[in-house]
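Novice: Below: one structure in structure tokens.
The values are calculated or read from the model by the stated rules, or taken from the named source; none is laboratory data. Since this is a predicted model, take the numbers as computed values, not measurements. Don't worry about glycine lacking a Cβ; one is built from the backbone with ideal geometry, like all the others, and counts go over all protein chains shown.
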Amino acid sequence: MTASLATRGMTAKHGLKPVAGWLALGFLGLLAGGALVALGFEATGGGFATAAQFDAYLWRIARFTLWQAILSSLLSILFAIPLARALYAEPRFPGRALILRLFALPLALPALVAVLGITSIYGRNGLVAWMSAALGHPFQPDIYGLTGILIAHVFFNMPLCVRMILAAYESIPGDYWKLAAQLGMSATARFRLIEWPVIRRNLPGMIGLVFMLCVTSFTTVLTLGGGPRATTLEVAIYQSLHFDFDPARAVALTLTQLALTLLILIALRLTGKTAEEAHTFTTTPQRYGKPGRSERLTNIVTITLGFLYVALPIAGVLVSGLAADLIRLLSEAAVWRAIITSLVLGFSAALLAVLLSLAIVAAREAVRNTGSAQIFETGASLILVMPPIVIGAGWFILLRHFTDPFTLAPLMIIAVNAAMAMPFAMRLMRPAWDTAAARHNHLCAQLGIHGFNRFRLIEWPSIRRPFGMGFAFAMALSLGDLGTVALFGSDAVLTLPYLLLQRMGSYRTFDAAGLALILGALCLALMMIADRAAASFKDNQPS
């Protein structure tokens, strides 16, 4: 009797969940495949016109794309290592927990908002220029070009590297530190014998991640590039479609960007996985022996400089935004239309992202003992191979043969943003779903609980908080997106990032600062909701 019930339960379980998962993967395949088909059709249909675009201009842009990504990655890592080392060596540094929380903010801030904060500090009329003039040595930094791109990329990626290196430090067994203290090792010896081997094992993954983020950077280069001399492939794709309307050039640039992305992912895969280490779970690391006075002074200076590098642009956004005429801005119909449009598109994209992610997570667990499980495991992550600007360019080129692409702008913005958020939403929901399934599969099979009743009684209570976390995170990503909106946006589909870009382009600096504050506050509020939900979810997990 029990075996019969189990068989029927497994049959019911394998009913709709795999179908929903295949439909979700089909959506991703259609989105990415449609862009690739359009690019291939345009390339072959254009004949020599497309082939002729692989000229010196394209290779110069490709070289600059690689060069700025290499420099950004190296600078981020080189600054992150001493800062992470100092933070780990000073577990009781005043405000250490606050600094670590602050280092999570650059990932939550929309790139356009962070760029405005950076220009308020390092721009020609920024804090650095004002301080130099006050000291009697006037100096106006040139923030536009390669210098500005590097400053912005280090702002975004250095805090991420610090958090990753700190996680690696926490994997060092405490006995290592105890033995180092007993042997009286100097700081140099500790770094060479204990710390560097752990950092070195994690370097390929960190460098690869930062390199990929810099290669696919769009908003930062668009706003700080400073012209043709500092243009990456993604920005060139946008310019060729939005300003020049040169599809042949756009196809050549897009194919080059796609090939470059694939090569990077293959190189990352060849580097292998990070070595396993013994993990500690203490929130405050236990250290044996006290650092010397000079070492402690170096740590304090390093932490202070790292804190200021991240905190000043964020403070610049806040100060500049509050200095703007927010009351007048919030009385403009265009601003409210942009806010409402952003919220509607962001809500729709986030809802689609979490529903598709849930379908794939459920399908993967339902067919966990079959060959299809691996397809669901990696299928959603493959969308990261194609940057949003590549997907947008492909569909823009395809749709123009049948209709006005701008009429379908809302659908494209929602679809692309949802696809880009899916891998992150899946990572949040999958552990909770798999845990609930492992605990209740046999019991549900024995009791004949399946279908909607199982979802309502068993599965939804387990994934409710991760579902909300994924939704908030996906909506924050969608609100700050500019890549797809830059291609399909218009006065008819006006989002906050697009309106902010327009005000920056017309040199309405104070309006741009106020809009940046509004956009940043919305995104940070969503990320705080996700963070609180994550903390609550962890606290309620059984030990």
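Novice: Suppose we filter Val198, Val162, Val235 for residues that are touching a residue at least 60 places away in the same chain (Cβ under 8 Å), of a type in the set (A, V, I, L, M) and surrounded by 22 or more Cβ atoms within 10 Å (Cβ to Cβ); which single one remains? Before the answer, list the steps.
Specialist: Details: Val198 fails: surrounded by 22 or more Cβ atoms within 10 Å (Cβ to Cβ); Val235 fails: touching a residue at least 60 places away in the same chain (Cβ under 8 Å).
Within the list Val198, Val162, Val235, the selection yields Val162.
Novice: For the condition at pLDDT below 85, among the aliphatic types (A, V, I, L, M) and buried (at least 24 other Cβ atoms within 10 Å of the Cβ), what is the one hit in Leu487, Leu500, Leu526, Leu479?
Specialist: Leu487
Novice: Checking the conditions here, which among Ile389, Ile413 is in contact with a Phe, Trp or Tyr (Cβ under 9 Å, 6 or more places away or on another chain), β-branched (Val, Ile, Thr), under 30 Å from Leu260 (Cβ atoms) and modelled with pLDDT of 85 or more?
Specialist: Going through Ile389, Ile413 in turn, just one is in contact with a Phe, Trp or Tyr (Cβ under 9 Å, 6 or more places away or on another chain), β-branched (Val, Ile, Thr), under 30 Å from Leu260 (Cβ atoms) and modelled with pLDDT of 85 or more: Ile413.
Residues checked against (1) modelled with pLDDT of 85 or more; (2) out of contact with any strand residue (DSSP E or B) (no Cβ under 6 Å at 6 or more places or on another chain); (3) of a type in the set (Phe, Trp, Tyr); (4) within 19 Å of Leu146 (Cβ to Cβ):
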{"site": "Gln68", "(1), (2), (3), (4)": "yes, yes, no, yes"}
{"site": "Leu75", "(1), (2), (3), (4)": "yes, yes, no, yes"}
{"site": "Phe79", "(1), (2), (3), (4)": "yes, yes, yes, yes"}
{"site": "Ala86", "(1), (2), (3), (4)": "yes, yes, no, no"}
{"site": "Glu90", "(1), (2), (3), (4)": "no, yes, no, no"}
{"site": "Leu100", "(1), (2), (3), (4)": "yes, yes, no, no"}
{"site": "Pro106", "(1), (2), (3), (4)": "yes, yes, no, no"}
{"site": "Ile121", "(1), (2), (3), (4)": "yes, yes, no, yes"}
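One line per residue, one yes/no per condition, for (1) loosely packed, with under 15 Cβ neighbours inside 10 Å; (2) at pLDDT 80 or above; (3) in the same structural domain as Thr232 (by TED's automatic domain parsing); (4) not basic (Lys, Arg):
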position: Phe93; (1), (2), (3), (4): no, yes, yes, yes
position: Val115; (1), (2), (3), (4): no, yes, yes, yes
position: Asn125; (1), (2), (3), (4): yes, yes, yes, yes
position: Val128; (1), (2), (3), (4): no, yes, yes, yes
position: Ser132; (1), (2), (3), (4): yes, yes, yes, yes
position: Val154; (1), (2), (3), (4): no, yes, yes, yes
position: Lys178; (1), (2), (3), (4): yes, no, yes, no
position: Ala181; (1), (2), (3), (4): yes, no, yes, yes
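Novice: Which of the residues spanning the range 279-306 are under 29 Å from the mean Cα position of the chain (by Cα) and either at positive phi or modelled with pLDDT under 85 (or both)?
Specialist: Scanning the range 279-306 gives His279, Thr280, Phe281, Thr282, Thr283, Thr284, Pro285.
Novice: Still on this structure, I have one more. Tell me yes or no: at least one residue of the range 307-328 is β-branched (Val, Ile, Thr), surrounded by fewer than 21 Cβ atoms within 10 Å (Cβ to Cβ), within 30 Å of Ala436 (Cα to Cα) and over 29 Å from the mean Cα position of the chain (by Cα).
Specialist: no
Novice: Considering only residues that are surrounded by 17 or more Cβ atoms within 10 Å (Cβ to Cβ) and not in a helix (DSSP H, G or I), which ones fall in the range 134-152?
Specialist: The first filter runs over the range 134-152 and keeps only residues surrounded by 17 or more Cβ atoms within 10 Å (Cβ to Cβ), leaving 141, 143-144, 146, 148-152.
Pro141, Ile143, Tyr144 - these are the residues of the range 134-152 that are surrounded by 17 or more Cβ atoms within 10 Å (Cβ to Cβ) and not in a helix (DSSP H, G or I).
Novice: Does Phe155 satisfy the criteria of being within 30 Å of Arg200 (Cβ to Cβ), in contact (Cβ under 8 Å) with a residue 12 or more places away in the chain and part of a helix (DSSP H, G or I)?
Specialist: Details: within 30 Å of Arg200 (Cβ to Cβ): yes; in contact (Cβ under 8 Å) with a residue 12 or more places away in the chain: yes; part of a helix (DSSP H, G or I): yes.
Considered against the rule, which asks whether it is within 30 Å of Arg200 (Cβ to Cβ), in contact (Cβ under 8 Å) with a residue 12 or more places away in the chain and part of a helix (DSSP H, G or I), Phe155 comes out as yes.
Novice: Does Gly123 count as on the phi > 0 side of the Ramachandran plot and over 23 Å from the mean Cα position of the chain (by Cα)?
Specialist: Numbers: on the phi > 0 side of the Ramachandran plot: no; over 23 Å from the mean Cα position of the chain (by Cα): yes.
No: the conditions fail for Gly123.
Novice: Considering each of Phe218, Phe211 in turn, give the residue that is farther than 27 Å from Arg96 by Cβ, in contact with a Leu (Cβ under 8 Å, 6 or more places away or on another chain) and at pLDDT 80 or above. If you could, list the steps in order and put the result at the bottom.
Specialist: Working: Phe211 fails: in contact with a Leu (Cβ under 8 Å, 6 or more places away or on another chain).
After applying the criteria, what remains is Phe218.
Each row is one residue, and each column tells you yes or no for (1) more than 28 Å from Ala250 (Cα to Cα); (2) of a type in the set (Gly, Ala, Ser); (3) outside the structural domain of Leu522 (by TED's automatic domain parsing).
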position	(1), (2), (3)
Val354	yes, no, no
Ala362	yes, yes, no
Ala366	yes, yes, no
Ile375	yes, no, no
Pro410	no, no, no
